[in-house]
1. Can you bin every Cα-Cα distance in the stretch 31-220 into 5 Å intervals starting at zero and give me the percent of pairs per bin, rounded to whole numbers?
2. Round to a whole angstrom and tell me the spacing of the C-alpha centers of the stretch 1-46 and the stretch 162-187.
3. State the extension gain, in nm to one decimal, for the chain segment bounded by residue 192 and residue 98, taking 0.36 nm per residue of separation less the distance between their alpha-carbons.
4. Each label point is 7 Å from the Cα along the Cα-to-Cβ direction; what then is the distance between the points at residue 206 and residue 176, in nm?
5. With axes computed from alpha carbons, what is the tilt in degrees of helix 2-28 against the longest principal axis of the chain, rounded to the nearest 10 within 0 to 90?
6. Using 0.36 nm per residue of separation minus the Cα-Cα distance, give me the extension gain between residue 11 and residue 26 in nm, one decimal.
7. Give me the extension gain from residue 184 to residue 18: residue separation times 0.36 nm, minus the current Cα-Cα distance, reported in nm with one decimal.
8. I need the P(r) histogram for the stretch 25-64: all alpha carbon pairs, bin width 5 Å from 0 out to the longest distance, whole percents.
C-alpha cells in the first residue's frame, strides 16, 4: 500500500515538474537574459558579477515560489479571474517580445549608459532585483505563467503535496539555470561574438513574443468557451 502511494506521489510530482519546467524556462529564457545581464554589467569585475548572478537567481526563485504557492489565492482575494490574468500577462509578454525584437540592443545599451553615468560603488548589487530580476528575468509573463500553474493544483488530499513539490523543483531548476547562464554570460558573449549575439537575442525575442501570443490565444479561447457555456 505504501509502495502504491509512493508511486502515485512520484508520478504526480514528476508530471507537475515536466509541465512547469518547460513552461517557466521558455518564458524566462536564461540564455537571452544572460546577454542583457552582460550588457548591463559590462566593465564590472568577475567576482562582483558572480555575486549579482547569485542574487538574481535567489530573487527569481522567491518570485516564482510566491506566484506558484499563493498567487492564485491573492487573485481570488482581489476578485481577479485567471483568464483576466492570462490575457494581461499575454499582452505584457507579447509587448516585451516585440520591443526586444524591434528595438535590438537599444534597451541594453540604454541600461549600460545609465550604469556608467552613476557612481560605481554599490550599483551592481542595487540593480540585482530591479531591473535585472524584475522585469528582465522574471517579469509579469513569468509571474502570470507561475500563477496559472499554481491555479491548476489538484484538490486537497489528491496529490496536492506532490504537485507543489514538483512545481517547486521546476522553479528551483529554472533558478539554477538562471544562475549558471548569468555567471557564464561573459564567456558566452566572447565565444559567439557580437553578430551571433544579436541573432540569439532576436530569436529569443521572437520566441518570447510567440509565447505571449499563445498565452493570449489560450486565454481568449477559454473566455469564449465559458461564454458559450453560459
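A short reminder: the numbers here are calculations on the coordinates, not readings from a lab. Worth saying up front: this structure is predicted, and the values here are computed from it rather than measured. Here the Cβ is made from the backbone with ideal geometry for all residues, glycine too, and neighbour counts use every protein chain on show.
1. 1, 8, 15, 18, 19, 16, 11, 7, 4, 1, 0, 0
2. Each part reduced to its Cα centre gives a spacing of 4 Å.
3. Taking residue 192 through residue 98 to full extension adds about 31.5 nm, to one decimal.
4. 3.2
5. 40
6. 3.1 nm
7. 57.2 nm
8. Histogramming the stretch 25-64 at 5 Å steps yields 5, 21, 28, 27, 13, 5 percent.
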